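One structure below.
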Amino acid sequence: MTEWFDSHCHVDEEKFNEDRDTVLARMREHGITRFAVIGSDMETSRHAIAFAGEHKGAVAAGGIHPHEAKKFREEDFEEIARWYRNGDIRAIGEIGLDYYYDFSPREVQRAVCIRQMELAWEIGAPVVYHIRDAHGEMLEIMRGMKGKLTSGIIHCFSGSAESAKEYLKLGYYISFAGPLTFKNAPRLQEAARIVPRDRLLIETDSPYMAPVPLRGTRNEPANVRFVGMKLAELRNETPEEVAAYTTENAMRAYGISG
């Protein structure tokens, strides 16, 4: 069976409370043997850590999402650092900028994002970035901090081939999710064609953005195979090739040795 790595999901969240065991069994049935559960604030990060500790093949990331930036406290950064140093999380994230919803003021989003990027540099942690409608500003911040950037992942990439090239220059992995399979995604599909295979990841971001042919339903980790198969189609590769190199890349991105 082809084995896949869902590099970003939220299967630990309450939307799966009623049937999580079934979802996890279906994931295994379809060859998803590894997955990353990602926090978006301190509470969900703690939950992700506990969940990863209880499930084979799972790793956790923790941090403060731009939606939640307005709630941050100084002591949160100390706790995130402890998590990483203790091996509870494999990356800081998801952090970044979201100018589509603006659930936190933009100046607060920027400040909290930069602080977490600086923290990552101080402790040597990779970063998982959430960037929506803010690629220009995020790239400007990253270029200004180039000497302090650690490795990391541009999660659920939503930009153009041109912006993908800029993130690649800065050393990041590019992760594609369900939107890659949508018919109205030519820019995204072009980006997927040009990213080198050693910098590509796939994910579900479940329960959000289910891929074709399940668009409009609750997403789940088993569906990462549809993203991988679309990537294979776009790049004239086999699904087995895509599964192998995206798994290898995810393990490297999260510092997993075996």
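Looking across the range 8-25, the residues that are under 16 Å from residue 43 (Cα atoms), in a loop (DSSP other than H, G, I, E, B) and not hydrophobic (A, V, I, L, M, F, W, C) come down to 10, 12, 13.
Within the range 236-256, residues that are touching a residue at least 60 places away in the same chain (Cβ under 8 Å) and over 18 Å from residue 58 (Cβ atoms) sit with their Cβ atoms under 7 Å from residues that are open to solvent by 30 Å² or more (accessible area, probe 1.4 Å) and in a helix (DSSP H, G or I), at 6+ positions apart or across chains, in these pairs: 239/229.
Restricted to the range 23-45, and to residues there that are among the β-branched types (Val, Ile, Thr) and closer than 30 Å to residue 74 by Cβ, the residue that is surrounded by the most Cβ atoms within 10 Å (Cβ to Cβ) is 38.
Scanning the range 57-93 for residues that are farther than 14 Å from residue 119 by Cβ, outside any loop (DSSP other than H, G, I, E, B) and of a type in the set (D, E, K, R) returns 68, 70, 71. Among the residues making up the range 54-75, those that are in contact (Cβ under 8 Å) with a residue 12 or more places away in the chain and farther than 18 Å from residue 129 by Cβ are 55, 57, 58, 70, 71. Candidates 228, 258: the one that is at pLDDT 95 or above and out of contact with any Cys (no Cβ under 8 Å at 6 or more places or on another chain) is 228.
Assuming residue 198 fulfils every condition listed in (1) surrounded by fewer than 23 Cβ atoms within 10 Å (Cβ to Cβ); (2) part of a loop (DSSP other than H, G, I, E, B); (3) acidic (Asp, Glu) apart from one, which condition is it? Among (1) surrounded by fewer than 23 Cβ atoms within 10 Å (Cβ to Cβ); (2) part of a loop (DSSP other than H, G, I, E, B); (3) acidic (Asp, Glu), residue 198 violates only (2). Consider the range 201-258 and keep the residues that are open to solvent by less than 10 Å² (accessible area, probe 1.4 Å), of a type in the set (Ser, Thr, Tyr) and out of contact with any Asp or Glu (no Cβ under 9 Å at 6 or more places or on another chain). The one that is nearest to residue 181 (Cα to Cα) is 246. Residues that are within 19 Å of residue 253 (Cα to Cα), open to solvent by 10 Å² or more (accessible area, probe 1.4 Å) and at pLDDT 95 or above number at least 3 in none of the strands (runs of 3 or more DSSP E) confined to the range 117-194.
The values are calculated or read from the model by the stated rules, or taken from the named source; none is laboratory data. Remember, it's a predicted structure, so these values are computed and weren't measured experimentally. Reconstructed Cβ throughout: ideal geometry from the backbone, glycine too, with neighbour counts over all protein chains shown. Only protein heavy atoms, including side chains, enter the accessible area calculation; ligands, DNA and RNA are left aside. Shrake-Rupley method; radii C 1.70, N 1.55, O 1.52, S 1.80 Å.
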